[in-house]
Amino acid sequence: MSIACAAIKPTGTSKRSGQTYVTLTDLEAVFRSLKSELGLRPVYHHKTERVSGHLFISVLAYHLVHSIRLQLKACGMHLSWDGIRRELDGQDRVTVELKREDGRTVHVRKATRAEPRQQLIYDALGITDRPGRQQITVV
């Protein structure tokens, strides 16, 4: 999916034209990021259903990003999508393997603790700071 704007005709005030330009620039940056994260790079579909599905996932993902940014903005956090990703970078899900005396292995999978900067974002969004539940399996 590509969004392009060859020219912006100044149909209103220069302030409105400037806001439109900033919005388009932001929209393009979000889509560029999502293309990498969700594997939405140009895919040459040969069936209408696949094109529609690709477009649907792309727009759905953008709406999710926009919703997150609006919630953060309402809490005084004015971050771009790239800024949100940078702030949340470093929190991971890890797996620890422990060997038991009987030769079996215990796998424990859980999220690392959120840093204070990450916790602020989770609190503003009203979500847990430990994505996913702890999983324990024995093999």
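The values are calculated or read from the model by the stated rules, or taken from the named source; none is laboratory data. For clarity, every value in this text was computed on a predicted model and none was experimentally measured. Cβ coordinates were reconstructed from backbone atoms using ideal geometry, including for glycine residues, and neighbour counts include every protein chain displayed.
So here's what we get for this one:
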{"read-out": "Index of the failed condition, ARG117 passing every other in (1) modelled with pLDDT of 90 or more; (2) outside any helix (DSSP H, G or I); (3) out of contact with any strand residue (DSSP E or B) (no Cβ under 8 Å at 6 or more places or on another chain)", "value": "(2)"}
{"read-out": "Hey, SER36 loosely packed, with under 11 Cβ neighbours inside 10 Å, modelled with pLDDT under 85 and under 14 Å from the mean Cα position of the chain (by Cα) or not", "value": "yes"}
{"read-out": "Tabulated pairs, segment 88-109, first in contact (Cβ under 8 Å) with a residue 12 or more places away in the chain and over 25 Å from LEU120 (Cα atoms), second part of a loop (DSSP other than H, G, I, E, B) and of a type in the set (D, E, K, R), C-beta under 8 angstrom, 6+ apart or interchain", "value": "VAL106/ARG100"}
{"read-out": "Residue that is nearest to GLU28 (Cα to Cα) [pool: residues in segment 51-76 that are among the polar types (S, T, N, Q) and in contact (Cβ under 8 Å) with a residue 40 or more places away in the chain]", "value": "SER58"}
{"read-out": "Residue count for segment 56-87, restricted to those that are more than 16 Å from ILE127 (Cβ to Cβ) and not in a helix (DSSP H, G or I)", "value": "3"}
{"read-out": "Any hit, segment 90-102, residues being under 30 Å from GLU28 (Cα atoms), at pLDDT below 90 and part of a strand (DSSP E or B)", "value": "yes"}
{"read-out": "Pick from segment 96-139, criterion in contact with a helix residue (DSSP H, G or I) (Cβ under 6 Å, 6 or more places away or on another chain) and not aliphatic (A, V, I, L, M), ranking: surrounded by the fewest Cβ atoms within 10 Å (Cβ to Cβ)", "value": "ARG117"}
